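What follows is a single structure, written as structure tokens, with notes after it.
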Amino acid sequence: MTITRFAPSPNGPLHLGHAYAAIVAHDRAKRDGGEFLLRIEDIDGARSRPELAEEFREDLRWLRLDFREVAPQSQRIASYRDAADSLRAMGLLYPCRCSRAEIAATATRMGPDGPVYPGTCLHAPIMPGPGVVWRLDMEQATDLCGPLSWTDERRGEQQARPDLFGDVVLWRKDAPASYHLAATLDDAADGVTCVTRGADLFQATHVHRLLQALLGLPEPVWHHHPVLIEADGRKLAKRRGASAIADRRRAGEDGRAVAAELRAGLFDTGISLSDYIHQAA
Ligand code: GLU
């Protein structure tokens, strides 16, 4: 059975781009009589607004997307800690105290998420404690797993290139687990068989595939869909004024009609779809 999920973070209201992502995930599951899950990704402490979760449920109902809600990330922290402990026991995590500014000043290449960490703390005697993040020793981790591949339903088989990211942070100082660790563990725990998400996160999948191999998790297929962009080519974002679908809902618009328009590729003025994947230099 195909199981998909929509995994919004409650740090701002949902806009049309989220509605589109939810529709893709919902329709992909329903196409094979499968199940569509809602998972609230609420571990971004400072930015998380718990009251938005109820709005998200209302939004999905308004769009007529049937969903089953699974545990939010805030209830899964023990599983993130266990996974980080096993990676640490395998000697694959190391503590780091470098600031963003230090990394920007010392990095010698760019990765999908910005300057690649040059490994400054890898062999330095850093004491674990407050203010420390834990990074994956990418070279050791990729040596241990050997070559990996993964499949995107739309783009076919991909060679995993987690090395593009360098030593990613898996345990943060301001939130428990990083997006990469939490999302990978949750998708496995929820039995997600087809991970749908925007093409802007295509490269993140390289890291997720590696984490699955390291942690012995099942391998789903992926479906990276186009994302909605503004006329200036940038991704739709609430902070740049994309309208909240909750406002349309409250204004009495018909959610079924909005969903039908999104399925047909009819967007608001200036908004279009982009399937572009940023390639790291
Ligand atoms: N919480 C992430 C977001 O809102 C989900 C990304 C994913 O689907 O993996 O961007």
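Observations, loosely collected:
- Search result, residues across region 11-48 that are farther than 19 Å from residue 179 by Cβ and in a loop (DSSP other than H, G, I, E, B): 13, 32, 33, 34
- Verdict on residue 53 being surrounded by fewer than 20 Cβ atoms within 10 Å (Cβ to Cβ), within 13 Å of the ligand (Cβ to nearest atom) and at pLDDT 95 or above: yes
- The one condition in (1) away from the ligand (no atom under 11 Å from the Cβ); (2) farther than 22 Å from residue 43 by Cα that residue 235 fails to fulfil: (1)
- Index of the failed condition, residue 116 passing every other in (1) surrounded by 13 or more Cβ atoms within 10 Å (Cβ to Cβ); (2) at pLDDT 95 or above; (3) more than 16 Å from residue 165 (Cβ to Cβ); (4) of a type outside the set (D, E, K, R): (3)
- Taking the listed residues 79, 99, the one that is modelled with pLDDT under 95 and closer than 29 Å to residue 143 by Cα is 99, with no other qualifying.
- Complete set of residues in region 254-278 that are without any contact (Cβ under 8 Å) to a residue 40 or more places away in the chain and assigned to a loop (DSSP other than H, G, I, E, B): 254, 264, 265, 266, 269
- Output for region 188-210, where each listed residue is touching a residue at least 40 places away in the same chain (Cβ under 8 Å), closer than 19 Å to residue 92 by Cβ and in contact with a Leu (Cβ under 7 Å, 6 or more places away or on another chain): 206, 209, 210
- Every test in (1) closer than 18 Å to residue 92 by Cα; (2) among the polar types (S, T, N, Q); (3) within 19 Å of the chain's Cα centre (by Cα); (4) away from the ligand (no atom under 16 Å from the Cβ) is passed by residue 142 save one, and that test is (3).
- When 244, 204 are checked against the criterion of being at pLDDT 95 or above and more than 13 Å from residue 21 (Cβ to Cβ), a single residue qualifies: 204.
- Candidate set: region 207-227, residues that are in contact with a strand residue (DSSP E or B) (Cβ under 6 Å, 6 or more places away or on another chain) and away from the ligand (no atom under 12 Å from the Cβ); chosen: the one modelled with the lowest pLDDT: 226
- Restricting region 9-36 to residues that are within 12 Å of the ligand (Cβ to nearest atom) and farther than 17 Å from residue 223 by Cβ, the residue that is surrounded by the most Cβ atoms within 10 Å (Cβ to Cβ) is 14.
- Complete set of residues in region 53-74 that are in contact with an Asp or Glu (Cβ under 9 Å, 6 or more places away or on another chain), in a helix (DSSP H, G or I) and over 24 Å from residue 261 (Cβ atoms): 53, 73, 74
- Boolean, residue 246 is out of contact with any strand residue (DSSP E or B) (no Cβ under 9 Å at 6 or more places or on another chain) and free of Cβ contacts under 8 Å to residues at least 12 places away in the same chain: no
- Residues of region 110-136 classified as within 16 Å of residue 172 (Cα to Cα) and outside any loop (DSSP other than H, G, I, E, B), total: 4
The values are calculated or read from the model by the stated rules, or taken from the named source; none is laboratory data. None of the values given here were measured: they were computed from a predicted structure. Note that we place each Cβ from the backbone using ideal geometry, even for glycine, and neighbour counts take in every protein chain shown.
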